[in-house]
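To start, the structure under review is shown below, and the notes come after it.
The values are calculated or read from the model by the stated rules, or taken from the named source; none is laboratory data. Fair warning: this is a prediction, and the values are worked out from it, not measured in the lab. For neighbour counting, all protein chains shown are included, and Cβ atoms are generated from backbone atoms with ideal geometry for every residue, glycine included.
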Amino acid sequence: MLPAILVLATLAGLLGLLLGYAAERFRVEEDPIVDQINALLPQTQCGQCGYPGCRPYAEAIASGEADINRCVPGGESVIHALADLLGRDPKPLAEDVGEAKEGKYVAVIDETQCIGCTLCIQACPVDAIVGAAKHLHTVIAEECTGCELCVAPCPVDCIHMEPVKPDLNTWKWPSPADRWIDITPPAAAESAG
Amino acid sequence: MSYDFSRLHRFHGGLVLEEHKRESSETPIETLPLPDLLTLPLQQHIGEPATPMVRVGETVAKGQRLARPEGYVSVPIHAPTSGKIVAIGDFPVPHPSGLKAPCIVLEPDGEDRWCEPENPIEDYTALDPSALRNRIRDAGIVGLGGAGFPSFIKMNPATGRPIDLLVVNGAECEPWITCDDRLMRERAEAVVGGIHILLHALSAAQCAIAIEDNKPEAIAAMRRAVASVGDDRMQVVEIPTLYPSGGEKQLIYVLTGREVPSQGLPADIGIVCHNPGTIAAIHDAVVHHRPLISRIVTVTGDGVKRPANVEALIGTPMVDLIEHCGGYTPGADRLIMGGPMMGYALPEDDLPVIKTTNCLLVATRRTLPLPPPPRPCIRCGECERVCPARLLPQQLYWYAHARDFDRIQDYHLFDCIECGCCAHVCPSHIPLVQYYRYAKTEIWEIERERRKAEQARQRHEARLARLEREKREREERLKKKRKAVRTDGDRRKAEIAAALERARRKKAGGEAQGAATTPKAQGDD
C-alpha cells in the first residue's frame, strides 16, 4: 500500500514539475488568433473600421467586440477569408464604414503648393512621407498603402489620391469569363483593307 | 553523367500540326535598310527594366550602352546604330496588355558608326566562367526563342550542381516560324562557336543540338559545321516533329528521358538549354564584341505578300518589316507576335521589334479563323490527352473559372507551359490558355499584395515602436529636468539657509565683536 502511494505521489510530483516547466518554456505571449486575423487584413492602417490600425481591429475581432465586415480596403475577399478562419458566415460590408473603392490609389503631394507643415508626415501610419519642417514633402509611392489619412490634415489641400496604373510587370490578363476579348487589330485591318 | 541519344523518348500528349514552314524557309535571310526611327523599350526581357544612361539630344555610337541593368535579373540595352537620342518616355510596346512602357527613341544618322568595344577579349578560353558570364550580360543577351530570360543567369546555376549537358534547342516546333531554321542553315559556324564558349563557361562535357526532322537542311548544315571543327563533345540529334517538342522540359525529356522537377529548372538535373539564336548572339558578343542589337524575325502568314526571314535592328517598327515583305495581302486580319499557338495578337503594327520578337505572323481568317464563342465544358478529357505537361486542363479551367486560386495551384498551374494544345483540341472552343494566364497573373498579384501588406505591417509596427520610444524619451527628459529643478531648488534652499545663517551669525558676532567681523564676511563671499 505505502509503496504504491509513494510511487504515485512521486510520479504526480514529477509530471507536475514537467508540466509547469513546459508551460513556462512554451508560453504563448499573445492570443495567436489575433496574429492569424492580422495576417489576413490588408495592413492599410486606414482606420476606416473605427479602430486605430489593422492590429487593433484584429484584437477587437478576436475578443468578439467587432464584426468581421468592417474592413473597407479588404472588401469581400477579406470578409470571406475571415469567415473561413473563424468559422462564421460571411456577410456584406458594414454600412457605416464607407464605400469600397475600385482599384488601388497612391497619395501624391502637389509640390508647388506644399508649405512643409509636416502634418501629413505625422498622419502617415507607415512613414511613407519624407520631409522636414518648412521643406517640401514627398510620398514614397512604393510604401504608400493608399489609406488617405494624409489628405484631411493638409492645410493647403495639396495631397490627392491617384489611381495606380499597371505596368508591364503588374498587368493582369483579363478573365475570359468576364469579357470576350476582341482580338482584331484595327490598324492591321485598316491597312489591309 | 554522360548521355546517349541513340534512343529517344516520347513526351505525353503533343500534337502534329500543319507546319507552314515552307512559306518563309526557302529564301535567305534579308537585311532591312536603316529605319527612320528606332524605339528601344527598356524592358525587353523577364525581370526589371533597365535604367537609361543617356539624355535626350545626346549623340550615340552603334553598340553604345544606352541603359544599364537594374537589379540582378536585368540586362542592358545598346544602340542598334549611331544617331541621336530624340526622346525618352512612354511609347506603345509589343505586349499583350497594349500598355505604353518607357522607351528610348533613337534617330539614326545613317553613318552606322561603331563605338570602341569595351575591353575586348583576345582569347575567351583564358577567361574564367564568371568573366564570360559578365561579358554575356554586358552584351544584353536574353533568350531569343521568345521568353526573353536573361541568358547569363542560366550560366550561373545557383544549385551548385555541375552541368553535364548543354542542349541547343533547335526544335522550332511552332508552325510558321523559321528564323532558327534559317540561322542554323546560314550561320552554323556562329552557333558552333557559341557552343564552344558555353561548354567552356559551363564546364559541360556534352552538347546535344536537337533539331526536328522537318528541317533536313538545318540538320545537314549543323552536322557539317560540327564535323569541320571535329569536336566529339557535340552531337546533332534529329528528333521527331511533334508540337511542343521545343518546350524546354519536353525537349529534355525527348533527349534524356529525364524530367525537370515541378517548378524547377533544367539546371536542377544538370542540364542547360539555349536557343541557337541566343548561342549565335553569345558567339558574336564574345568573339566580335557585338552586343545584341539585331535579330532574325520571320515575317510570314498568308496576310503578307512575300513571307521571308529578315534581320532587323532591335527597335525597328514592325510595319517596316511588313512593307519590306511586300505589305499586307487583301484579307489580312490579325498581326500576331510569336507563332499561332503561343503568340498574341498586337493591336497595331507601329510597334518596335524587340529582343523576343521571333516571328510576325499576319493571318487571314482563312488560315486562322476567329474562335467561335465558347460552349460549356463537356469534360471529354481531350485536353488531358494532349497536355505535354501531364496536367488536368479541365480541372485547371474549372478552378480558374471559379477563381479558386488555392486549389488551382494544387493542380500545378505553374507547370503549365501555355503551349495551347488543350485549347487547340477543345471541342467546346474554350480559350483555356487565356484562363491559365489569367489565373497566373491573379496569383502573382495576390502574392505581391501579400508582400506589400507584410511590408506595411512592419513599417506600421516600426512607426508605433518609434513613437513609443520618443514618448518614453521625452518623459525621461522631463523627469530629469524636474529632478534637476528639484535638486537645484534644494541647493538654493540650502544656500539661502546658509546665507541666513551667516547673516544671523554676523548679526550675533557683530553685536559681540563689533567691526572685526566685516573682513571675514567679505571673505566668505
Problem set entry | Qualifying positions in region A:49-65 - closer than 16 Å to B:GLN458 by Cα and either in contact (Cβ under 8 Å) with a residue 40 or more places away in the chain or assigned to a helix (DSSP H, G or I) (or both) | A:GLY53, A:CYS54, A:ARG55, A:PRO56, A:ALA58
Exercise. Out of curiosity, is B:SER74 in contact with a Gly (Cβ under 6 Å, 6 or more places away or on another chain) and of a type in the set (S, T, N, Q)?
Worked result: yes
Exercise. Would you call B:THR356 at pLDDT 90 or above, in contact with an Asp or Glu (Cβ under 9 Å, 6 or more places away or on another chain) and either more than 10 Å from chain A (Cβ to nearest Cβ) or farther than 14 Å from B:HIS95 by Cα (or both)?
Worked result: no
For this session: Tell me, please, whether a residue that is facing chain A (nearest Cβ under 8 Å) and outside any helix (DSSP H, G or I) can be found in region B:439-460.
Result: no
Exercise. In region A:99-132, which residue that is among the charged types (D, E, K, R) and within 14 Å of chain B (Cβ to nearest Cβ) is surrounded by the fewest Cβ atoms within 10 Å (Cβ to Cβ)?
Worked result: A:ASP127
For this session: Can you confirm whether region B:305-317 contains a residue that is over 21 Å from B:GLY145 (Cα atoms) and either more than 30 Å from the chain's Cα centre (by Cα) or acidic (Asp, Glu) (or both)?
Result: yes
Seminar exercise, completed: Restricted to region B:395-416 and to residues being under 20 Å from the mean Cα position of the chain (by Cα) and surrounded by fewer than 19 Cβ atoms within 10 Å (Cβ to Cβ), the residue farthest from A:ASN169 (Cα to Cα) is B:ASP415
For this session: Would you be able to say whether some residue in region A:5-15 is within 30 Å of B:GLU447 (Cβ to Cβ), part of a helix (DSSP H, G or I) and hydroxyl-bearing (Ser, Thr, Tyr)?
Result: no
For this session: Could you grab me the full set of residues in region B:134-147 that are basic (Lys, Arg) and more than 13 Å from B:VAL73 (Cα to Cα)?
Result: B:ARG135
Seminar exercise, completed: Scanning region B:360-380 for residues that are more than 11 Å from every other protein chain (Cβ to nearest Cβ) and in contact with a helix residue (DSSP H, G or I) (Cβ under 7 Å, 6 or more places away or on another chain), the one farthest from B:GLU311 (Cα to Cα) turns out to be B:ARG379
For this session: Only one of these is surrounded by fewer than 17 Cβ atoms within 10 Å (Cβ to Cβ), at pLDDT below 95, assigned by TED's automatic domain parsing to the domain that holds B:SER262 and not charged (D, E, K, R): B:GLY331, B:GLY343, B:GLY381, B:GLY339. Name it.
Result: B:GLY331
For this session: Determine which single condition B:ILE430 fails, assuming it passes every other condition in (1) surrounded by 14 or more Cβ atoms within 10 Å (Cβ to Cβ); (2) more than 9 Å from every other protein chain (Cβ to nearest Cβ); (3) part of a loop (DSSP other than H, G, I, E, B).
Result: (2)
Problem set entry | Residues of region A:139-182 satisfying the condition of being modelled with pLDDT under 85 and surrounded by fewer than 15 Cβ atoms within 10 Å (Cβ to Cβ) | A:ASP178, A:ARG179, A:TRP180, A:ILE181, A:ASP182
Exercise. From the set of residues in region A:95-113 that are at pLDDT 85 or above and assigned to a loop (DSSP other than H, G, I, E, B), which is nearest to A:VAL164 (Cα to Cα)?
Worked result: A:LYS104
For this session: Of the numbered conditions (1) away from chain A (no Cβ under 11 Å); (2) not small (Gly, Ala, Ser); (3) not in a loop (DSSP other than H, G, I, E, B), B:MET342 fails exactly one; give the number of that condition.
Result: (3)
Exercise. Which of the residues that make up region B:345-370 are among the hydroxyl-bearing types (Ser, Thr, Tyr) and closer than 24 Å to B:GLY140 by Cα?
Worked result: B:THR356, B:THR357
Problem set entry | Matching option when the condition is closer than 30 Å to A:PRO56 by Cα, in a helix (DSSP H, G or I) and free of Cβ contacts under 8 Å to residues at least 12 places away in the same chain, among B:ARG469, B:ARG486 | B:ARG469
Exercise. Within region B:469-480, can one find any residue that is out of contact with any Lys or Arg (no Cβ under 7 Å at 6 or more places or on another chain), surrounded by 11 or more Cβ atoms within 10 Å (Cβ to Cβ) and at pLDDT below 95?
Worked result: no
